[in-house]
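The structure under discussion appears below in the form of structure tokens.
The values are calculated or read from the model by the stated rules, or taken from the named source; none is laboratory data. This structure is a prediction, so every number in the text was calculated from the model and none was measured. Cβ placement follows ideal geometry from the backbone for every residue including glycine, while neighbour counts extend to all protein chains displayed. The accessibility values were calculated without ligands, DNA or RNA, using every heavy atom of the protein model including side chains. Shrake-Rupley method; radii C 1.70, N 1.55, O 1.52, S 1.80 Å.
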Amino acid sequence: MQIFATFEYSTYLELAISELEKKEIKRENIFIVPLDNRTEDRKMFDSIHRADGVSLIDLGMALATAFSVVGASIGFKLEWGPIYWGVISAIIGFVLGFLIKLFIFKVIKKKKRLLRGKHGEIIIIVDCDGRQVEMVEQILWNNLALGVSKVIKEKK
């Protein structure tokens, strides 16, 4: 039987491996695969086919609404009238909100991501027999595995 588990790279991974070796799981039956970290930056703009849930225009739309109301109100006293000044104010509000969000995601969030140190996970595969499955699963869960799954090998 094979047991798959994912871990963040930490001392708990090392503790889990050493505990498995103490419980008579041979070293050659433990396979560890580190996942590679993303090398390219995430795309800022979504396409029709792929979206990451980050919106750059939500603040722009809110500011466009607020600015257009204020611009239209002031436009009654200005030469071009409320409609032109409402549209001009909406465009200024949208661009301002868009630039604020772009700055937040490009500068502030990127610094937080770098400081937090987002690292790839480790996949550990343990090959064991049926009577050791519960013990191996318990060891992995006790050492803060992110997820654990079993696969039954078919005999030929």
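Estimated from the Cβ-Cβ distance and a Förster radius of 35 angstrom, the FRET efficiency linking Arg27 and Phe105 is about 0.20.
For Phe4, the accessible area of its heavy atoms, probed at 1.4 Å with every protein chain present, is near 70 square angstrom. Peptide packing for 21-30, 134-143 was compared via the average number of neighbouring C-beta atoms within 10 Å per residue; ordered from the highest value, the list is 134-143, 21-30.
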